[in-house]
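*Asks:* After the structure tokens below, expect a handful of questions from me.
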């Protein structure tokens with residue numbers, strides 16, 4: 001599979017030349033394949049949000065370079081093409097809703113792309129349906145009358161309506177209830193399947209990573225310290241806890257069982273897998 | 001998280017009666033916040049007002065660790081905002097430490113007794129030095145500066161931020177910022193902390209750090225804690241859990257009692273804590289696990305001996 005984002009020795013420095021100078025990204029190299037679901041994890045201040053802001057040119061490298069869909073993000077002439085290819089959903093995106101109705105809010109991006117009215121309507125309806133909002137009912141309402149979870153989904157629909165090739169979500173489920181989280185992740189997976197989009201998810205929720213991601217990149221103090229499949233990453237428990245991260249709860253349980261000397265698999269991630277392992281364990285002792 | 005779980009359950013094991021019955025030792029204690037038939041309607045005076053709470057009856061006991069859970073839009077934050085008179089009832093009453101929140105003269109004293117901490121740590125910082133930020137509330141009480149200084153020192157030590165006193169708050173981690181927000185409230189010596197999803201923006205280590213701090217404040221300083229959260233792993237550590245749905249109390253009681261309502265919780269879109277989900281799955285497969293299982297440590301302890 002071809003790479004859609006190529007990061008080569010990327011460094012970023014905040015407030016360079018001042019006493020407050022902070023190196024927030026330190027020589028990061030990473031290839032992200034087209035169509036992959038990548039999770040980026042790391043403790044607060046590890047550089048996750050700074051990294052993803054380089055993917056659509058909001059920030060440009062202090063050193064090294066970033067190419068997205070073949071475009072060098074430092075090339076200002078290519079900005080417009082870059083923004084069309086990369087959708088970025090910020091933390092708490094519901095704070096960025098501003099239009100009178102959900103429809104006009106979601107339509108804002110497509111309208112700026114110069115599409116016809118019919119195309120705009122089609123895209124808005126499709127995006128609203130993707131996030132589970134009723135295109136006829138919810139679209140007429142003011143975004144400020146919706147509940148927190150619905151506002152979040154409306155805001156994400158505004159980015160999906162652009163049909164980006166790369167969709168970046170910065171902690172999209174923080175503050176949502178468990179069902180809201182599950183649904184949102186389902187919608188995102190559906191968008192990926194339908195559009196063949198690449199998904200980049202910044203999150204603190206290890207269960208979410210275990211369930212959704214194909215690849216995981218781990219940052220610590222601005223450096224890329226691990227990259228691999230979730231099972232590989234979560235098998236390195238000691239290294240993760242040392243940098244303020246953790247295993248998904250079921251993986252933690254199975255690990256502790258192993259430390260007690262019980263014969264269990266080492267690569268368990270989900271509650272279903274943990275249940276399976278414990279059932280096997282109990283079954284054997286009962287036999 | 002592992003540490004929280006073991007510590008938390010350790011504490012809970014100290015008062016076994018809280019496991020299976022709502023009639024805990026707290027019932028003999030004083031009621032700190034009494035909520036009587038509370039109704040709240042947003043835009044009450046306008047057409048199309050939205051009813052967020054209906055007929056809530058609830059007593060928060062002094063020294064209790066209470067979790068308020070429920071789906072988005074169920075009224076959790078609206079309820080929490082009644083506890084320090086940020087919102088006033090459309091119907092019914094809220095009495096805090098004997099004071100009615102409807103009476104404007106009570107607001108000052110109620111807010112001194114009940115401190116609020118919110119979701120986003122960055123929105124709650126007012127100063128460019130940790131110790132100044134922590135002092136803000138106490139200075140507003142008009143306390144002599146010696147007293148403010150003493151309280152800030154004490155509080156930062158208690159909360160584990162002493163070594164950062166002279167640091168800029170924006171250089172703290174998320175968990176440390178939330179602890180600073182708590183410190184800013186604690187210097188006013190409140191009897192109760194109300195926290196609205198304080199861990200939802202924190203990384204795993206920050207979450208553990210904050211929960212340990214809350215449990216410590218509750219157990220050693222007898223601070224009443226009301227925690228609004230979506231994380232069921234946190235709810236398990238409480239004395240009592242109240243689940244709201246559509247502005248009403250759907251179920252309340254000890255964590256063991258509330259989490260036994262597997263079907264109701266699923267209907268409300270809430271998730272069981274992972275440990276309970278695993279235990280529930282195993283029971284369905286025909287294994288008889290003890291009913292007291294709440295946390296991963298409980299499962300471990302059971303498996304150790306079986």
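*Asks:* If a residue must be out of contact with any helix residue (DSSP H, G or I) (no Cβ under 6 Å at 6 or more places or on another chain), touching a residue at least 40 places away in the same chain (Cβ under 8 Å) and either farther than 30 Å from residue B:207 by Cα or in a loop (DSSP other than H, G, I, E, B) (or both), how many such residues does region B:122-144 contain?
*Replies:* Residues in region B:122-144 being out of contact with any helix residue (DSSP H, G or I) (no Cβ under 6 Å at 6 or more places or on another chain), touching a residue at least 40 places away in the same chain (Cβ under 8 Å) and either farther than 30 Å from residue B:207 by Cα or in a loop (DSSP other than H, G, I, E, B) (or both): 3 in total.
*Asks:* Sticking with this structure for a sec: What is the one condition in (1) away from chain B (no Cβ under 14 Å); (2) at pLDDT below 95; (3) within 15 Å of the chain's Cα centre (by Cα) that residue A:186 does not satisfy?
*Replies:* It fails just one condition, (1).
*Asks:* Counting only residues that are under 15 Å from the mean Cα position of the chain (by Cα), outside any helix (DSSP H, G or I), more than 8 Å from chain B (Cβ to nearest Cβ) and closer than 27 Å to residue B:69 by Cα, how many does region A:132-179 have?
*Replies:* Adding up the residues that qualify gives 4.
*Asks:* Applying the selection to region B:206-245, what residues are out of contact with any strand residue (DSSP E or B) (no Cβ under 8 Å at 6 or more places or on another chain) and within 17 Å of residue B:78 (Cβ to Cβ)?
*Replies:* At the first step, the residues of region B:206-245 found to be out of contact with any strand residue (DSSP E or B) (no Cβ under 8 Å at 6 or more places or on another chain) are B:206-213, B:216, B:219-222, B:231, B:233, B:236, B:245.
Result: B:245, single match.
*Asks:* A further question follows. Please indicate, with yes or no, whether at least one residue in region A:62-70 is surrounded by 22 or more Cβ atoms within 10 Å (Cβ to Cβ) and in contact (Cβ under 8 Å) with a residue 12 or more places away in the chain.
*Replies:* yes
*Asks:* Would you call residue B:119 within 14 Å of another protein chain (Cβ to nearest Cβ), part of a helix (DSSP H, G or I) and modelled with pLDDT under 90? Don't jump to the end; show me each part of the working.
*Replies:* Values: within 14 Å of another protein chain (Cβ to nearest Cβ): yes; part of a helix (DSSP H, G or I): no; modelled with pLDDT under 90: yes.
No; evaluated as a whole, the condition is false for this residue.
*Asks:* With the condition being within 13 Å of another protein chain (Cβ to nearest Cβ), I'd like the helices (runs of 4 or more DSSP H) fully within region B:207-306 carrying at least 2 qualifying residues. Break it down stepwise before answering.
*Replies:* Numbers: elements: B:232-235, B:255-259, B:262-267, B:274-284, B:296-304.
Here the list reads B:232-235, B:262-267, B:274-284, B:296-304.
*Asks:* Filter region B:288-303 for residues that are in contact with a helix residue (DSSP H, G or I) (Cβ under 8 Å, 6 or more places away or on another chain) and within 14 Å of residue A:281 (Cα to Cα) and give the result. It would help to see each step written out before you state the result.
*Replies:* Step one: filter region B:288-303 for residues in contact with a helix residue (DSSP H, G or I) (Cβ under 8 Å, 6 or more places away or on another chain), giving B:289-300, B:303.
The answer is B:289, B:299, B:300, B:303.
*Asks:* If residue B:144 meets every condition in (1) more than 18 Å from residue B:182 (Cβ to Cβ); (2) surrounded by 17 or more Cβ atoms within 10 Å (Cβ to Cβ) apart from one, which number is that one?
*Replies:* (2)
*Asks:* Now, a different point. Which residues, counting only those in region A:233-276, are within 11 Å of chain B (Cβ to nearest Cβ) and within 17 Å of residue B:272 (Cα to Cα)?
*Replies:* Matches in region A:233-276: A:248, A:249, A:250, A:251, A:252, A:253, A:270, A:271, A:272, A:273, A:274, A:275.
*Asks:* Among the residues of region B:69-85, count how many are touching a strand residue (DSSP E or B) at 6+ places or on another chain (Cβ under 7 Å) and either closer than 30 Å to residue B:170 by Cβ or surrounded by fewer than 19 Cβ atoms within 10 Å (Cβ to Cβ) (or both).
*Replies:* 5
*Asks:* When residues of region A:200-214 are filtered for being more than 13 Å from chain B (Cβ to nearest Cβ) and buried (at least 21 other Cβ atoms within 10 Å of the Cβ), how many remain?
*Replies:* Of the residues in that region, 3 qualify.
*Asks:* Go through region B:165-199 and report how many residues are touching a residue at least 12 places away in the same chain (Cβ under 8 Å), within 14 Å of chain A (Cβ to nearest Cβ) and assigned to a helix (DSSP H, G or I). Steps first, answer last, please.
*Replies:* Step one: list which residues in region B:165-199 are touching a residue at least 12 places away in the same chain (Cβ under 8 Å), which gives B:165-170, B:172-199.
Those still in the list that are within 14 Å of chain A (Cβ to nearest Cβ) too: B:167-170, B:172-180, B:195-199.
Those left that are additionally assigned to a helix (DSSP H, G or I): B:169-170, B:174-180.
Residues flagged as touching a residue at least 12 places away in the same chain (Cβ under 8 Å), within 14 Å of chain A (Cβ to nearest Cβ) and assigned to a helix (DSSP H, G or I) within region B:165-199 amount to 9.
The values are calculated or read from the model by the stated rules, or taken from the named source; none is laboratory data. Here the structure is a predicted model, which means the values were calculated and not measured. Cβ sites come from the backbone with ideal geometry, for glycine too, and all protein chains shown count toward neighbours.
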